[in-house]
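The values are calculated or read from the model by the stated rules, or taken from the named source; none is laboratory data. Being a predicted model, the structure only gives us computed values, none of them experimental. A quick note on method: Cβ atoms are made from the backbone with ideal geometry, for glycine too, and the neighbour counts reach across all protein chains shown. SASA here: full protein model, heavy atoms, side chains in, ligands and nucleic acids out. Shrake-Rupley method; radii C 1.70, N 1.55, O 1.52, S 1.80 Å.
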Amino acid sequence: EEIKSRAKSILGSTKNFKEALSLYSKAIEVFPTESTLYGNRSMCNLGINDKKSALNDANKAIELDPTYAKAYYSYG
């Protein structure tokens, strides 16, 4: 939760997608089945123009939780 909170704070204050991406990746290592982490990392990947990774993360979020609506539009 601390890592997730830090990533959210970084995005809100500085829009530093690379740093937030790193934090979400660390959180995924700890909680590999939490769909929201993949959805948020997808958004960060879009922020750095890594569309392939963004799509992969959005698809993983949907795979983990088909009801997670944000994942369906997080890819853009």
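With all protein chains in place and a 1.4 Å probe, the accessible surface of the chain carries 53 percent carbon and sulfur.
State in Å² the accessible area per residue of the chain; use a 1.4 Å probe, count heavy atoms of protein chains only, and round to the nearest integer.
Computed with neighbouring chains in place, this is 61 Å² per residue.
The string of couplings for the range 57-71 from the Karplus curve (6.51, -1.76, 1.60, θ = phi - 60°) is 5, 4, 5, 5, 4, 5, 4, 6, 8, x, 8, 7, 4, 4, 5 Hz, one whole number per residue in order, with x for Gly and Pro.
3J(HN,Hα) along the range 18-35: 5, 5, 5, 4, 4, 5, 5, 5, 5, 5, 5, 4, 7, 10, x, 10, 8, 4 Hz, from the Karplus curve 6.51 cos²θ - 1.76 cosθ + 1.60 with θ = phi - 60°, whole Hz, x for Gly and Pro. For the chain, the Cα gyration tensor yields ellipsoid semi-axes of 18, 14, 10 Å (square root of five times each eigenvalue, largest first, whole Å). Seen from N49, the other residues with C-beta closer than 15 Å to its C-beta sum to a net charge of +3, counting Lys and Arg as +1 and Asp and Glu as -1. Take each peptide in 56-66, 8-18, count the other Cβ atoms within 10 Å of every residue, and average; sorted highest first, the result is 56-66, 8-18.
In terms of the mean number of neighbouring beta-carbon atoms within 10 Å, the peptides 26-35, 41-50 order highest first as 41-50, 26-35.
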